[in-house]
Structures are given as structure tokens and as C-alpha cells.
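The values are calculated or read from the model by the stated rules, or taken from the named source; none is laboratory data. Computed from a predicted structure; not experimentally measured. Cβ coordinates were reconstructed from backbone atoms using ideal geometry, including for glycine residues, and neighbour counts include every protein chain displayed. Quick note on the areas: whole protein, heavy atoms, side chains included, nothing else; ligands and nucleic acids left out. Shrake-Rupley method; radii C 1.70, N 1.55, O 1.52, S 1.80 Å.
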Amino acid sequence: MATYKKRGYKPKTKKEKEVVVEEHSTTADVFNTLDEGASKTEEWFVKNQKYIVGVIAAIAIVVLGYMGYNKFIAEPHQKEAMNDMYQARTYFEEAANGISSDSLYNMALNGGNGKFGMVDIAKEYSGTPAGNLANYYAGISYLNLKDYEKAISYLQEFTSDASIPDPIVKGAIGDAFVQLEQYKDGLDYYEKAFKANVNDYTTPMFLMKAARIAIRLGENQKALDYLKRIDNEFDSSTEAAQVDVLIGMVEAKMQ
């Protein structure tokens, strides 16, 4: 165990003198090592300071660039897109209300009065919320115009959000596939639609559509399961009124 020595202590014996010399030598070595390490660090920093400053500057540029992009490019771009969309959406809503539907859906798609239609908005403002929403409006417009392949193409590009629930989009894609007589794909999308969000409106609706297509495909057990789920879980829905007849028909087929 080391012995505490008061300040000013002078070694008396030869052995004590050797210990003091050794301690001084060790301490000196430690400080020399620290000095050498510090010198090497300083040399490295001086040698590489251009690189270091460059990296810091690059990080700053990226951060400030991102902030500037959002403030001066992305936000105004989005505002401009929504202004362009206003007229196209007006055409779409009027068409949905049954007023000269075909011509208005075409105007919703292609524009009018000097404003972009949904097709141009989806292209020019790709990556913005407005561009994404334009994909939905374009898809539904094409669906109503019976251009089912384009309907599928635009609807598959749309990312669902709070304003347009996922079941609605998946169900619309299912409708388009069924109209193309691609029943297996239609069934797949109806199943995605009723699984996407369980509620009293879209779930029984797409369970019924899935059941009917399953019957057409000869998948009777699957159809029966979907019909019984409507009967058990959504007995107050509009679809529930048709369930008993369909269940009887499917069970007769399975005998």
C-alpha cells in the first residue's frame, strides 16, 4: 500500500530515494505521453482541417437546404397544386352528382378554364399531397368512364389517408378488375378492402362483393364464410337482408 507523503518530505534512506526517483520518472513519462498525444491530435487536425470544415459545412448545407426547400419550394408548390385542383375537383363533384357526368369527368381529368386536370396535377405535382389526391380522383373518373385499366393504374398509385379510407380505394380497384372479368384479382382486392378497416359500412359491403365473386369462381366455402360473417357481425347492414337466400344457394351447391 502506498504511503502518503507530506509536501516537502525529504527521503532519508537510500531505498526511499530510489522510490522518489522512480515516481518522478513515471510521472514524467505520463505527461510526456499526454503531450505527445495532444501534439499528434493537433497535427492531425491541422492537416485535416479543410476536410473537417468541409464535412461540417456539407451537413449545414443539407439541413438548411431541407428547411429552405420546405419553406420556399415545397409549401408554395403544394399551395399552387391545391389551387389548380380546385376547378378539377369541382368538375368531379358535379359529375358525381349526375350532371352531364361523362363530359364533366373528362374535364376533371383533362382540365378546363385554363386549369390543370387531375392527370396533369398527378404528373406535375408528383410527391405532394395534392399529386397523390389527384391519383384518386383520376382513378375514380376513369372508373366511371369505363376505362378500367387506367382506373387501376391511377388508383394503385394513390396512398390512402384520413380523407380517403383505404377500403374505398381497394374496393374501387376490385370493381375495375371485375369489370375487366379478372375475377381472381377482383376478389383479392375485395378481400383487402374488408380487411383494411373494420366498420359497419365498408366491411359488409366488400364482404358481400367478395362472396359473390367467390361464388362465381366456385370458391363456395370461402363465399359461405363471408356470408355468415355478414349475418353474425353485421346483421343490421343493408347486405344482411340478402344473406339468407345466398347462404341457402351456396349450401345447396356444396351438397
(request) Tell me which residues, restricted to the stretch 228-240, are assigned to a helix (DSSP H, G or I) and either touching a strand residue (DSSP E or B) at 6+ places or on another chain (Cβ under 8 Å) or surrounded by 11 or more Cβ atoms within 10 Å (Cβ to Cβ) (or both). (result) LYS228, ARG229, ILE230, ASP231, GLU233, ALA240
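I'm checking my understanding of the structure. Among residues of the stretch 147-171 that are among the polar types (S, T, N, Q) and outside any helix (DSSP H, G or I), which one is least open to solvent (accessible area, probe 1.4 Å)?
Result: SER160.
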(request) Among the residues of the stretch 73-126, count how many are modelled with pLDDT of 80 or more and either assigned to a helix (DSSP H, G or I) or open to solvent by less than 50 Å² (accessible area, probe 1.4 Å) (or both). (result) 33
(message) Considering only the stretch 121-134, I want to know if a residue exists there that is polar (S, T, N, Q) and within 25 Å of ASN199 (Cα to Cα).
(response) yes
(request) Mind counting the residues in the stretch 172-198 that are in contact with a helix residue (DSSP H, G or I) (Cβ under 8 Å, 6 or more places away or on another chain), open to solvent by 20 Å² or more (accessible area, probe 1.4 Å) and either closer than 13 Å to GLY139 by Cβ or polar (S, T, N, Q) (or both)? (result) 5
(request) For the stretch 199-221, name all the residues that are among the aromatic types (Phe, Trp, Tyr) and open to solvent by 20 Å² or more (accessible area, probe 1.4 Å). (result) TYR201
(request) Kindly indicate whether GLY174 is within 29 Å of the chain's Cα centre (by Cα), within 24 Å of VAL119 (Cβ to Cβ) and in a helix (DSSP H, G or I). (result) yes
